[in-house]
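First the structure, in the form of structure tokens, and then the observations on it.
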Amino acid sequence: MISPLIGPGDGHTWPAEIDVRHLRLLDAIASAGSIANAATALGLSQPALSAQLHRVERALERTVFERDRHGVRPTALGEVLLNHARRVLAAADDLELAVRRFQSVPSEGLLRIGALPTIFAETLSGVVAAAAPDRPVELLAMTSRTALFSALLDGTVELALYVDHPGHEIVTPDGVHLLPVGTEPVFVVMSPDHPAAGRGEVSLSELDGSVWLTPEGDDEFPEHLTDQCARAGLGAITVRKLDPTALRQTIRHEPRAVAPGRTLDSGSTIPGPVVALRGVPLRTRHLLLWRDGSSVDLPSVRSGLVHAIAESGAIRHRLPEWAAANPGWLGT
């Protein structure tokens with residue numbers, strides 16, 4: 001069950017008794033564009049679906065959809081709710097699939113791997129499956145170093161793909177081993193109104209006075225960013241951690257906003273002009289980590305990752321001209 005929502009500004013709490021089933025209904029309505037079409041898709045009567053929607057809106061004390069003769073469209077609250085709902089539903093679907101796979105495969109044959117939820121995670125799954133064709137592969141999301149080491153040490157995962165940054169390298173505990181895959185340059189995405197927007201390359205010092213934004217959950221990159229800005233003479237900077245929706249809105253509307261940008265376009269990357277940093281002061285190192293006793297051929301996995309990422313880079317690089325002029329980086 002989702003915890004209560006806090007109303008904007010007035011501290012009002014909505015006792016929202018919303019479960020995954022309700023989120024699926026809301027997503028179906030938004031996708032169908034009308035109550036009638038959503039009811040048909042869900043195999044429900046229109047009155048039954050309308051009644052369930054009213055129950056959700058009564059619990060929230062706000063409307064989720066505006067109705068007119070053309071159908072329905074999300075309100076401002078609806079947009080926020082649906083954005084989070086779709087992530088919850090994707091996670092719920094992944095969980096259901098993981099449980100089904102776990103129940104259908106002997107536990108001793110299952111190969112569980114971990115990774116940050118990035119474009120490289122699915123690449124890892126395919127590469128590991130090719131390196132260990134006799135073992136079904138299960139991918140688990142790893143969102144912190146603490147969770148990563150715990151999962152490796154207690155046997156939840158056998159190997160993982162994670163990252164660190166110069167000056168903040170991972171130190172593995174006993175029983176965990178590390179193999180670098182490669183280093184990825186970090187670009188910056190900025191507001192279209194930023195003074196540096198449209199330039200092919202800038203130095204960190206030219207971004208003095210910018211408002212730095214990073215996604216929530218990234219606990220390690222901000223320290224690397226702060227260190228490199230200090231080296232560039234910027235002094236103290238402010239780094240704001242925002243959820244994906246707020247970050248996208250801020251990057252559009254705050255003229256001084258900049259955010260770290262990944263090398264490859266995942267299809268859900270932060271929108272906005274992408275600019276390279278002269279000298280590549282911001283970097284992400286991708287690492288394979290595994291626990292004692294793993295039978296996976298790690299050199300083959302590393303080689304497969306580098307090859308697969310290079311192939312993706314040829315068609316998905318966010319700055320292809322920069323990549324052509326600066327060969328040798330991961331993803332090029």
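Ignoring any ligand, DNA or RNA, what whole percent of the accessible area of the chain comes from carbon and sulfur when the probe is 1.4 angstrom?
Carbon plus sulfur share of accessible area: 53 percent.
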- Query: When Lys and Arg each count +1 and Asp and Glu each count -1, what net charge do the other residues less than 12 Å away from M190, Cβ to Cβ, add up to?
  - Reply: 0
- Rounded to whole angstrom, the alpha-carbon centroid of region 161-191 lies from that of region 232-260 at a distance of 22 Å
- Cβ-Cβ cut-off under 15 Å around P173, Lys and Arg +1, Asp and Glu -1: the net charge is -3
- Task: Whole number in Å², please: accessible area per residue of region 73-218, 1.4 Å probe, ligands, DNA and RNA not counted.
- Result: 46 Å²
- Item | Qualifying trypsin sites (Lys or Arg not before Pro) for region 192-290 [loop in DSSP, other Cβ within 10 Å: at most 15] | R199, R256, R278
- Kirkwood hydrodynamic radius of region 183-332, Cα pairs, Å: 16.5 Å
- Note on the structure: With -39,500 (n - 2.57) per DSSP H segment of 4 or more residues and division by the full residue count of the chain, the 222 nm estimate, nearest 500 deg cm²/dmol, is -13000 deg cm²/dmol
- Dividing the convex hull volume of the alpha carbon atoms of region 242-320 by its residue count, what do you get in Å³ per residue? 152 Å³
- Kindly identify the chain as rounded, prolate or oblate by the Cα gyration tensor criterion: order the square roots of the eigenvalues as a ≥ b ≥ c, call it rounded if a/c is under 1.5, otherwise compare a/b with b/c, prolate if a/b is larger, else oblate. oblate
- Message: Quick check: net charge around G78, other residues with Cβ under 13 Å of its Cβ, Lys/Arg +1 and Asp/Glu -1?
- Response: 0
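The values are calculated or read from the model by the stated rules, or taken from the named source; none is laboratory data. What you see is a predicted model; the values in this text were computed from it and never measured. Methodologically, a virtual Cβ is constructed for each residue, glycine included, from the backbone with ideal geometry; neighbour enumeration extends over all protein chains shown. Only protein heavy atoms, including side chains, enter the accessible area calculation; ligands, DNA and RNA are left aside. Shrake-Rupley method; radii C 1.70, N 1.55, O 1.52, S 1.80 Å.
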